[in-house]
Structures are given as C-alpha cells and as structure tokens.
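I have placed the structure first, in the form of structure tokens, so that the comments after it can refer back to it.
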Amino acid sequence: MSALAEGTKAPDFSLPALDGATFSLSEALTRGPVALAFFKVSCPVCQYAFPFLERIHQAHAGLTFVGVSQNPQKETRAFNKEFGISFPTLLDDIKTYPVSNAYGLTNVPSIFWIDPSGRIEVSSVGWVKKEVEDVHRRAASLAHAAAKPLFTASEQIADFRAG
C-alpha cells in the first residue's frame with residue numbers, strides 16, 4: 001500500500017496534540033486547507049525536512065500546518081525543541097498507527113495538502129523539493145501573495161525519495 005494519491009478523499013481523524021488539545025481534521029477544514037506532515041524522530045530525512053516545513057508555517061500564519069508524530073510524547077517534544085518546530089504536533093498511536101495507516105504511509109516524511117472539501121491536492125513521500133515548494137506556493141496563495149523563496153541561494157537542496 002502506498003500513500004494516498006492526489007484527488008483522494010482524506011480520511012477524517014482526531015488525534016491528541018502535544019499541548020493536550022485534540023485536533024480534528026474535519027473541524028480544521030472548516031477554516032481552510034490543512035497541511036499534514038508525518039514523521040518519526042529517528043528519521044534523518046525528517047530531521048532535514050522539518051526546519052524547512054517550519055519556514056512554511058512561519059511564513060503563512062493563515063495555514064493550518066500540523067505534524068503527525070509516530071513517536072511517544074517525550075521523544076516528540078525533544079525533536080520539536082532540537083529542530084525548532086513550533087507548529088502543532090499530533091501523536092499517532094504508537095502501537096497501531098491508525099492515522100498513518102489510513103493515509104497509506106510506507107515512508108516518512110510524508111506531506112499532504114488537503115483542500116477544505118477534504119480532497120488531497122498534494123501527496124509527497126520523502127523529500128522532493130518541487131513538492132515542498134508547491135505546498136509553500138499554495139500557502140502563499142491563501143493570503144493572495146506571491147511565495148517568497150523558501151530556500152536560500154547557498155542551500156544545496158537534494159531530493160530524497162524512498163525507492
């Protein structure tokens with residue numbers, strides 16, 4: 001099974017967040033699109049990718065951007081602190097991974113852009129610069145603004161796709 005494809009209806013879910021709140025996808029979609037980024041703290045590509053995803057979050061206050069951790073709360077908090085992650089982080093059940101499985105995850109990071117109707121518009125597995133830039137452009141369009149460059153000229157960005 002591979003990650004859900006673009007055009008697929010995103011499975012609804014509710015998960016606990018690190019801050020103790022409960023996040024509901026269907027409720028969040030009433031406010032606009034949602035970007036989901038699934039990860040494991042031990043994943044080197046996630047460690048590489050998440051500071052760039054944080055840039056998207058910081059640049060676009062109107063976007064609901066959430067991480068979905070496949071690790072326990074303590075390890076997830078340490079990851080967020082180490083990599084400077086401030087967007088809300090949800091905790092998938094580490095015994096059965098119901099949300100990760102519902103989204104067909106086989107690898108992390110996996111990033112999904114879900115439109116307000118619940119359709120997946122971006123399904124990105126691994127780290128693909130073009131797909132991350134697409135999420136960035138979509139977030140900028142929410143504010144009717146052009147996306148500023150996500151990467152600096154000195155950053156050598158390579159794609160990492162499991163295969």
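The values are calculated or read from the model by the stated rules, or taken from the named source; none is laboratory data. Computed from a predicted model, the values in this text were never measured in an experiment. So basically every Cβ, Gly included, is an ideal-geometry build from the backbone, and we count neighbours across all protein chains shown. For the accessible areas, the whole protein counts, side chains as well, though only heavy atoms, and no ligand, DNA or RNA atoms are used. Shrake-Rupley method; radii C 1.70, N 1.55, O 1.52, S 1.80 Å.
Can Thr106 be described as assigned to a loop (DSSP other than H, G, I, E, B), within 18 Å of Pro11 (Cα to Cα), modelled with pLDDT under 95 and out of contact with any Pro (no Cβ under 7 Å at 6 or more places or on another chain)? Working first, answer last.
Working: assigned to a loop (DSSP other than H, G, I, E, B): yes; within 18 Å of Pro11 (Cα to Cα): yes; modelled with pLDDT under 95: yes; out of contact with any Pro (no Cβ under 7 Å at 6 or more places or on another chain): yes.
Here the answer is yes, as Thr106 does meet what is asked.
Being open to solvent by 10 Å² or more (accessible area, probe 1.4 Å), within 28 Å of Phe151 (Cα to Cα) and modelled with pLDDT under 95 is true of Ala59. Out of the stretch 76-90, which residues are open to solvent by 30 Å² or more (accessible area, probe 1.4 Å) and in contact with a Leu (Cβ under 7 Å, 6 or more places away or on another chain)? Within the stretch 76-90, Arg77 is the sole residue that qualifies.
Is there a residue being hydroxyl-bearing (Ser, Thr, Tyr) and farther than 27 Å from Leu18 by Cα anywhere in the stretch 142-163? Write out each step before concluding.
First pass over the stretch 142-163, keeping only residues hydroxyl-bearing (Ser, Thr, Tyr): 152, 154.
Keeping just the survivors that are farther than 27 Å from Leu18 by Cα gives 152, 154.
Yes, some residue in the stretch 142-163 is hydroxyl-bearing (Ser, Thr, Tyr) and farther than 27 Å from Leu18 by Cα.
Of all residues in the stretch 54-75, those satisfying the criterion of being touching a Leu at 6+ places or on another chain (Cβ under 9 Å) and outside any loop (DSSP other than H, G, I, E, B) are Arg55, Ile56, His57, Ala59, Thr64, Phe65, Val66, Gly67, Val68, Ser69, Gln73.
Scanning the stretch 109-158 for residues that are open to solvent by 40 Å² or more (accessible area, probe 1.4 Å), of a type outside the set (A, V, I, L, M) and assigned to a loop (DSSP other than H, G, I, E, B) returns Pro116, Ser117, His144, Lys148, Pro149, Thr152, Ser154, Glu155, Gln156.
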